[in-house]
Amino acid sequence: MIRALRIISSNPLSLTGLVLVLLILAAALFAPLIAPFPTHNGSVVDFAFANRPPSTRNWMGTDLVGRDIFSRILYAYRISLGLGVVVLIIAAPVGTVVGLMAGYLGGWIEAVLMRLVDVFLSIPPLVLAIAVLGVLEPTLANAMIAVTVMWWPWYARLVYSIARSEREEGYVLAAEVIGASTAHITIREILPNCLPAIITKMTLDMGFVIIIASSLSFLGLGVQPPTPDLGSMVAEGARYLPDSWWMTVFPGLAILLAVFGFNLFGDGLREILGVDE
Amino acid sequence: MSPVLRILSRRLGISVIVLIGVSMLIFAIARVIPGDPARIALGPNATDDQVAAIRAEMHLDEPIVAQYGYFVADVLRGDLGESLYTNRRVTTDIAEFLPATLELVIVAGFMMVAIGLPLGILAARHRGRWPDHVVRVLTLLTVSAPSFVWAVILMLLFSFYLPLFPVAGRLNDSYDIARTTGFLTVDTLLAGNFAAFIDALHHLILPAIALALSGIGQAARLTRANMVETYDKPYIEMAQAFGFFPSRIARRYAFKPSLIPSLTIIGLDFAAMLGNAFLVEAVFAWPGLSRYGVAVILRKDLNAIMGTVLVIALTFLVVNIIVDLLIAFLNPRIRHSTRATS
């Protein structure tokens, strides 16, 4: 742990990533305390201050009905990060189990499972999520389902490729010889060797889930108003370009900053854990 | 059988299996829709008799396996049903909107290769020095924002503040170009209207860059990573010992073996672009599949949704077959092999 911290802080880029991630986590956690206008995360109107450019009162300006954009961004981070955590907590274990089974057991199980993964991977991720949302109502919960459905196959493929090569290793053979159960070999022997790759991928994926989730709400298929979401804020403001530039530019930069942080940090983790790209 | 042909036939075989799976997946998604599809098709004011008639027409009262059979039979005949949104054949709708999207994605794909690979080579040649760091930060930045954010930023900078590019659309209204392929860059040239061709290209550049940016970053990162690994190989050391120019070593000895793994990822990135085109099209009012796709989704227009997803999946499979063939062609081990490769 201390060694890890030392490696991270020796690389200025990874350190920047760690700081960004911590800042954004804090912003999301303490949004009600930090936000100058904590009530502006709902359907409040304040027409006296509508459509104002950035000022000392509203650091990032206000939207069409006078809500403080900075406050709304802080609340939107809660939604984005929450969605990311839920999606990854479901998608990573599901994909891992599928990948372990396919990689270790082989045979027809491998053939069936990996073809299934191929099917999911052969539809562009965003299009698959859009199709799932097409039949469900566009809500936050359904957006989570849609993103999870498109996400697990990537973990299955990652874990599968590692498990397959580990299957032939001596320590697996040794475990088989002393009669260890399949569950023991996959979970206690092979899984620990997949963990560095899984953890790195989860860090990087936090950023990508934020991108996909904001893309869905940008198209009007995710979180519904008045709940603030970075994607729908950009979509709303895009209609008033170039005059009310602050309505799109700040939420857009907020996405960029968060994802950039997770990417830098994930890149650093990759080095520490020795995971190949 | 030549090795390239053998790979083609094997890929086609896998693609058929995947396509069957995709059709099942799409069918399953369409059948978990809450509510009665017949009722949705007719609207709330339809009588029960009308609903029953439509149910019979849509085979909704038959077993699910039979329903899937009808679905596949229709698809194989090129019949994707009728769109409830436009009241036209779904195939007609898709034929109208797909070329605009493909044109955008293909141009973006070329940008990804033409800019991403050289950036990766540059970073690898100067690995550990400042050009490498600059490229690393730049590429991380490009993959860190969704394409609609890049679209908005590019539009703001290069259409509004610096009015270099048009804000929206595919072609200036003053040009009247007969539609033959739907690809405006091709149609304008077929019509012999060079000014319109330039205008079409002019409209393409900004949306294509917005779409390509994250792909450029990924291509560059991957090429760099693969090349840095190759630089550790003994034959590079030998080339250096022979005193070959660094530029020649980079191009001929370090880049070539790295190209193949990069191409695989570029194929996958192309898939992401087909999805991201939805976002860029929305910002630039690009009359492609996106507006149609989002409109039919919001109206729960099942036939149109299924048709659109199927066509996109098919496009993606075709692109990946092309990429695989390209790899087989570029890889001398496959090109010259006489035995079957895995």
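Throughout, read-outs are computed from the coordinates displayed, never taken from laboratory work. Computed from a prediction, not measured in an experiment: that's the story for all the values here. Please note: Cβ atoms are built from the backbone with ideal geometry, for glycine as well, and neighbour counts cover all protein chains shown.
What residue among B:275, B:128, B:293 has the largest mean-square fluctuation in a Gaussian network model of chain B, using Cα springs under 10 Å?
Of B:275, B:128, B:293, the Gaussian network model singles out B:128 as fluctuating most.
Hey, if you drop one equal point scatterer on each alpha-carbon of segment B:287-327 and run the Debye formula without solvent, what base-10 log of I(q)/I(0) do you get at q = 0.26, 0.33 Å⁻¹?
Ignoring solvent entirely, the Cα scatterers give -0.81, -1.03.
What does the extension gain come out to for residue B:252 and residue B:8, with contour length at 0.36 nm per residue minus their alpha carbon separation? Present the calculation step by step, with values, prior to reporting the outcome.
Working: separation 244, 0.36 × 244 = 87.84 nm, distance 2.75 nm.
Stretched out fully, the residue B:252 to residue B:8 stretch lengthens by 85.1 nm.
Can you pull the one-decimal nm distance between simple spin-label points at residue A:2 and residue B:175, each 7 Å off the Cα toward Cβ?
6.8
Using the Kirkwood radius over Cα pairs, work out the Stokes-Einstein diffusion coefficient for the protein assembly as shown at 4 °C and 1.567 mPa s, in µm²/s as a whole number.
In µm²/s, the coefficient is 49.
Looking only at other chains, what is the average number of their beta-carbon atoms within 10 angstrom of each beta-carbon in A:231-239?
Mean partner shielding for this stretch: 3.
Using only the alpha-carbon atoms of segment A:1-62, report the extent along each of the three principal axes, biggest first, to the nearest angstrom.
Result, largest extent first: 54, 21, 15 Å.
Wrap a convex hull around the Cα atoms of segment A:67-148, take a quarter of its surface area, and give that in square nanometres. Before the final figure, lay out the partial values.
Working: hull surface 27.0 nm².
That works out to 6.7 nm², a quarter of the Cα hull's surface.
Work out the length of the dipole vector of the protein assembly as shown about its Cα centre, built from +1 on the beta-carbon of each Lys and Arg and -1 on the beta-carbon of each Asp and Glu, and round it to the nearest 20 debye.
Rounded to the nearest 20 debye, it is 1780 debye.
Which three lengths, in whole Å and largest first, does segment B:122-237 cover when its Cα atoms are put on their principal axes?
59, 34, 20
Would you list which aspartates and glutamates come within 14 Å of residue B:256, measuring only between C-alpha atoms, while excluding same-chain residues fewer than 8 positions from it?
B:229
Taking a cut-off of 21 Å, what percent of all Cα-Cα pairs in segment A:101-239 are separated by more than that?
Numbers: 5179 of 9591 pairs.
Distances greater than 21 Å cover 54 percent of the Cα pairs.
Given the options B:291, B:224, B:77, state which has the largest fluctuation in a GNM of chain B using a 10 Å cut-off (strictly under) for Cα springs.
Of B:291, B:224, B:77, the most mobile in the Gaussian network model is B:77.
Along the Cα→Cβ direction, 7 angstrom out, place labels at residue A:43 and residue B:95. What is the inter-label distance in nm?
Spacing of the two 7 Å Cα→Cβ label points: 4.5 nm.
Given a Förster distance of 22 Å, report the FRET efficiency between residue A:64 and residue B:291 from their Cβ-Cβ distance, rounded to the nearest 0.05.
0.45
Three principal axis extents, largest first, for the C-alpha atoms of segment B:1-97, in Å?
62, 33, 21
Could you give me D for segment A:100-162, from Stokes-Einstein at 37 °C and 0.692 mPa s, where the hydrodynamic radius is the Kirkwood radius over C-alpha pairs? Units µm² s⁻¹, please.
263
Within the set of other residues whose C-beta is less than 15 Å from the C-beta of residue A:190, count the net charge using Lys and Arg as +1 and Asp and Glu as -1.
Counting the neighbours of residue A:190, the net charge comes to -3.
Normalised by the number of residues in chain A, what is the relative contact order in percent for Cα pairs under 8 Å and 6+ residues apart? Don't skip to the end; give the middle numbers.
Details: 409 pairs, mean separation 73.7, N = 277.
For chain A, the relative contact order is 27 percent.
Would you calculate, for chain A, the mean residue ellipticity at 222 nm contributed by helices, counting each DSSP H stretch of 4 or more residues as -39,500 (n - 2.57) and dividing by all residues, to the nearest 500?
On the way: 11 runs with 194 residues, N = 277.
Value at 222 nm, helices only: -23500 deg cm²/dmol.
What is the mean number of Cβ atoms from other protein chains located within 10 Å of the Cβ atom of each residue in peptide A:113-123, rounded to a whole number? Mind dumping the intermediate values first?
Details: counts 0, 0, 5, 3, 1, 6, 10, 4, 5, 14, 14.
Taking the mean over all residues of the peptide, I get 6.
For chain B, set up a Gaussian network in which alpha carbons nearer than 10 Å are linked by springs, and say which option among B:81, B:120, B:288 fluctuates the most.
The residue with the greatest mean-square fluctuation here is B:81.
Which whole number of Å³ per residue matches the convex hull of the alpha-carbon atoms in segment A:48-110?
Roughly 105 Å³ of hull volume per residue.
When the distances between all Cα atoms of segment A:194-261 are binned every 5 Å from zero, what whole-number percent does each bin get?
The percentages, shortest bin first, are 4, 18, 22, 21, 15, 9, 6, 3, 2, 1, 0.
So if R0 is 25 Å, what FRET efficiency would residue B:51 and residue A:141 give, r being the distance between their Cβ atoms, rounded to the nearest 0.05?
0.25
Between residue B:82 and residues 5 or more places away or on another chain, which pairs have amide H atoms under 5 Å apart, with H built 1.01 Å from N, and which residues are they?
Counting only residues 5 or more places away or on other chains, the set is B:90.
Wrap a convex hull around the Cα atoms of segment B:129-185, take a quarter of its surface area, and give that in square nanometres.
Its average projected convex-hull area is 6.4 nm².
Mind checking the log10 I(q)/I(0) for segment B:90-298 at q = 0.14, 0.15 Å⁻¹? Debye, one equal scatterer per Cα, no solvent, two decimals.
Computed log10 I(q)/I(0) values: -0.87, -0.94.
For chain A, take N as its residue count and report Rg(C-alpha) divided by 2.2 N^0.38 Å.
1.17
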